[in-house]
Each structure stands twice: as C-alpha cells, then as structure tokens.
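S.K.: First the structure, then my questions, so here it is.
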Amino acid sequence: MHVMSQSLHAKYGSEFLRVGAGAKALSMGGAQAAISRGVSAAYWNPAGLRTVEDVQIMYMHSERFGGIVGYDYGSVALPLPQDRGVLALSFFRQGVDNIANTLDAWDPNRGENGGPKANVEQYITRFSATDMAWYISYASEQAPGDLPIYYGGSLKFIRQKLGPFAHAWGYSLDLGAQGSWNEWFWGIQWIDATTLRKVWTVNQDQFDGYEEVFGAQSPEGSDEYVRPSLRMGIVRSFQYKEWAFNTAFDVLSMFEGREAYYLNLGSWSLEPRLGAEGVFRDRLSLRVGLTDLYQDPLSGWTMRPTLGMGVEVYKFAIDYGFMGFAGSGAELGSTHRVSVRLVWD
C-alpha cells in the first residue's frame, strides 16, 4: 500500500482550543481580549499575565453534549521580580471516550451487500479521541508608569490522537498587547501568528484489509495549516457605589471561510462577542454575555446567551459559567463550567 502525504489549510484545525480557559470568560461570552487578567490570560491574551503579582493556579472542568465531551484546563503563573515579567504554563485536554471501533466487525461476504459478523460484539473494540495542548507564556510591559502597555506571547504545542489509528503534533505562537486610557481598556491578540502547523501520521497497520472490505482507500497522513486570526477588544469600566462594572466587546477575525458567521467577505469572517460584569466589594461577581452569532439554516440568525457568577474569599476564587445552545442546536443541551483559582504569595 502506497501512502502519500497531503498539505491543506484546515478550517477547524484547532477548534478544540476555542473552548477557552476559565468559567469567568464563558459567562462573559468570551469577550476577553481587553479585560483578561491573571493566570487565564495566557490563553485569552498573554499580555494580561503582566497583572499577576503572586503565584496563581487555576483549574477548570467542563462537559458538553450531555457529558460526551470532557474538557480540562490547568495553569500556573509565576511572577519574575528580576525583570518585571510573568511566566505561565498551561495545559488543555479535550476527550471523547468509549468510541466504538467497528472496522473488524464487518463481513463483506455476508449476504448480498455484506453485513455484520456473527457474534459481532466480539469484534468491536473501544478507543478514545483526545486533543491536548501545552502553552508556555511570558508577559512584560513596555513603559512602566501611569499608562503602561503590556505585551506577551504564548508558545503552543498541540498533540491530537485518534485511538490507535492516527496522531498529530503541532506548534504555533500567539502574541498580544493591552493598554488603557482613563476608564477605557483595549486589547489585541494575534492568534497563530506563525500559522499553526500540524503533522498527521496514520498507523497503517490498523487499516490492513480496509480497502478490500470497504472498497475505499485507507486514510493518509497529512500536514494541516491553520491560518492566523485576530482578536480585538475594548472595555469600559465604571463605578457605582460599592459596585464596579465592566462592559466588554470583542471581535474575532478569521480567514478560514466560515460562511455561517454574521459578516463574511470571501475567506474573511467576523465573530462579535459581548460581555458585562458587576463586582460587589471585590467579592461577588455577576456576569452575562452573548457569543456565537451565526446563521442557522432552520431558525435564522441566532446568538448564544451566557451567564455566570463568581465568589472570591481571601486568596481563593470559584467561578461558574453557563451557556445554552440556541436555534436548532438547542437539543444539544447546555454547557456548564466550573473553575477554581488560588493565589499563593
């Protein structure tokens, strides 16, 4: 069997990373380019790591589609006093377990068109599909003073595995900057600035006899490239008595030809996100947001609402986020996320 390598631009090549980091971000619709602070900024905008003054640790767990898809995120941020910088290490894992492998359960000579083998359960095995990513991030500031500009970057390594059948390695780099003026904050993140490259390898031993049984060519290894994208955001902050409020607006620009999104011109598409947060005495936070504005062929234009809350006591914080599917996707259920953060001085 001769296997050829292919190169292609992948429209959804790093989709699992769009889940994000932290329940707070989910509950604000993912509008985080300008407001992201602390350890989770390594994902949303690495420039925001510069605000970390003590060691921070965060963990988040999320389940989607009725618990079929599990997602875990963990990160630690370490201030570096000697150069006023901050270093962060992050890990992401998405997995689907107990997937049925029926490649050996089909008998092409059974019946007129083939059929399952006798005692078919004996030939069915189970495997997992996992997506993992590691981030090494660093942030500092350009001009210390009243109006500093923070900047940062995240070096990313990606590992994806489809049971015993195939696996891929990938790498890329994110860059970001943040600044402020009075009650206004701005942020910009260049995602996959170097273009994300993934190299897929197929285990051909798992596909022995595949062409003879199914009459189709076995899968081939390939190189996938994910084009850079741009996340830009602004935040307006204001105070009312003992409440602090933040309203955030983000736009994610992608160049992958996602035609379902609100505004697209050829391969260029824009995804707007809205979020708001009210914080009482730096202890209790209430959050709402809107995300994923897209055109549903059955119900027209839809946007997913999000909401959540957070509680911070001393050096410990816990956040909860909720997102419901809209339009024809409502039957897919809801997404719940819980994240915890610990500050260690």
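No value in this document is a laboratory result; all are computed from the given coordinates. Fair warning: this is a prediction, and the values are worked out from it, not measured in the lab. We place every Cβ from the backbone using ideal geometry, glycine too, and count neighbours over all the protein chains shown.
S.K.: Along segment 44-61, what does the Karplus equation 6.51 cos²θ - 1.76 cosθ + 1.60 (θ = phi - 60°) give for ³J(HN,Hα), rounded to whole Hz, x for Gly and Pro?
M.R.: 6, 6, x, 4, x, 4, 4, 6, 6, 10, 10, 4, 10, 10, 9, 9, 9, 10
S.K.: Moving on. If Lys and Arg each add +1 and Asp and Glu each add -1, what is the summed charge of the other residues whose beta carbon sits under 14 Å from the beta carbon of residue 285?
M.R.: Net of charged neighbours comes to +1.
S.K.: If you don't mind, another one. Using the Cβ atoms and a cut-off under 9 Å, what net charge is assigned to the surroundings of residue 223, where Lys and Arg are +1 and Asp and Glu are -1?
M.R.: Local charge sum for residue 223: +1.
S.K.: If we count other beta carbons within 10 Å of each Cβ, what is the order of 40, 334, fewest first?
M.R.: Listed from fewest to most nearby Cβ atoms, that is 334, 40.
S.K.: Hey, could you get me the Stokes-Einstein D for segment 53-131, Kirkwood radius over alpha-carbon pairs, 4 °C and 1.567 mPa s, rounded to whole µm² s⁻¹?
M.R.: 78
S.K.: Provide the gained length on full extension for the span residue 315 to residue 220, in nm with one decimal, where the gain is 0.36 nm per separating residue minus the Cα-Cα distance.
M.R.: Contour length minus Cα-Cα distance gives 29.2 nm.
S.K.: Same structure, new question: List the pairs from 241/315; 117/161; 117/198 whose alpha-carbon separation is above 30 Å, in the order I gave them.
M.R.: 117/198
S.K.: May I pose another question? Taking the dipole about the Cα centre of segment 42-158, with the C-beta of Lys and Arg at +1 and of Asp and Glu at -1, give me whichever of 157, 74, 46 is farthest to the positive side.
M.R.: The residue sitting most towards the positive pole is 157.
S.K.: Count the net charge of all other residues whose Cβ sits under 11 Å from the Cβ of residue 345, scoring Lys and Arg as +1 and Asp and Glu as -1.
M.R.: Taking every other residue near residue 345 into account, the sum is -1.
S.K.: Could you put 313, 96, 343 in order, starting from the residue whose Cβ has the fewest other Cβ atoms within 10 Å?
M.R.: Ordered by Cβ neighbours within 10 Å, fewest first: 313, 96, 343.
S.K.: Which residues' amide hydrogens lie under 5 Å from the amide hydrogen of residue 223, considering only partners 5 or more residues apart or on another chain, with H built in the peptide plane?
M.R.: 6, 7, 8, 200
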